[in-house]
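I have placed the structure first, in the form of structure tokens, so that the comments after it can refer back to it.
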Amino acid sequence: MVSFARKIKALEARGMRIYGISIDSPEHNRAMIDKLLLPFDLLSDPEGETAIKPFGLWDDAGRISKPALVLTDRQGVVRYLYEGRDFADRPKDEVVLGALPDG
């Protein structure tokens with residue numbers, strides 16, 4: 001999440017809006033925003049029904065969401081999905097930027 005905070009201007013210039021989604025409570029997410037100084041919202045999906053499961057990112061064994069990056073267009077069509085091995089596994093910046101519209 002912090003890596004996206006560092007490049008928020010470049011992402012917004014390409015027409016992207018950034019959100020984090022987790023199973024955590026809104027209160028916990030607010031605390032994370034404050035602690036990490038995140039310039040985007042963290043949304044709560046406690047049972048994974050709204051976004052996590054529909055994107056295929058629910059880990060039944062751990063009852064948590066898998067770490068991932070999902071890019072959708074304005075109609076909600078997935079244009080890019082990266083599922084990480086763990087929370088620190090993220091795609092390279094150039095891969096993400098290459099998947100974005102020109103903005």
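The values are calculated or read from the model by the stated rules, or taken from the named source; none is laboratory data. In this text the structure is predicted, and so the values were computed from the model without any measurement. When we count neighbours, we look across all protein chains shown, and the Cβ atoms used for this are built from the backbone with ideal geometry, even at glycine.
Restricting attention to the range 39-60, report how many residues are farther than 17 Å from residue 19 by Cβ and loosely packed, with under 14 Cβ neighbours inside 10 Å. I'd like the intermediate steps shown before the answer.
So in the range 39-60, the residues farther than 17 Å from residue 19 by Cβ come out as 47, 56, 58-60.
Among the residues that remain, those that are also loosely packed, with under 14 Cβ neighbours inside 10 Å are: 47, 56, 59-60.
Result for the range 39-60: 4.
On the given criteria, is residue 31 of a type outside the set (S, T, N, Q) and either modelled with pLDDT of 90 or more or within 15 Å of residue 87 (Cα to Cα) (or both)?
Values: of a type outside the set (S, T, N, Q): yes; either modelled with pLDDT of 90 or more or within 15 Å of residue 87 (Cα to Cα) (or both): yes.
Against the criterion (of a type outside the set (S, T, N, Q) and either modelled with pLDDT of 90 or more or within 15 Å of residue 87 (Cα to Cα) (or both)), residue 31 qualifies.
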field: residue 99 vs. criteria under 21 Å from residue 13 (Cβ atoms) and among the hydrophobic types (A, V, I, L, M, F, W, C)
entry: yes
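Identify the residue in the range 61-91 that is within 13 Å of the chain's Cα centre (by Cα) and loosely packed, with under 10 Cβ neighbours inside 10 Å and, among all such residues, is modelled with the lowest pLDDT.
From the range 61-91, those within 13 Å of the chain's Cα centre (by Cα) are 65-72, 78, 80-84, 87-91; that's our starting set.
So of that shortlist, the ones also loosely packed, with under 10 Cβ neighbours inside 10 Å come out as 87-88.
Values: 87: 82, 88: 85.
The qualifying residue modelled with the lowest pLDDT is 87.
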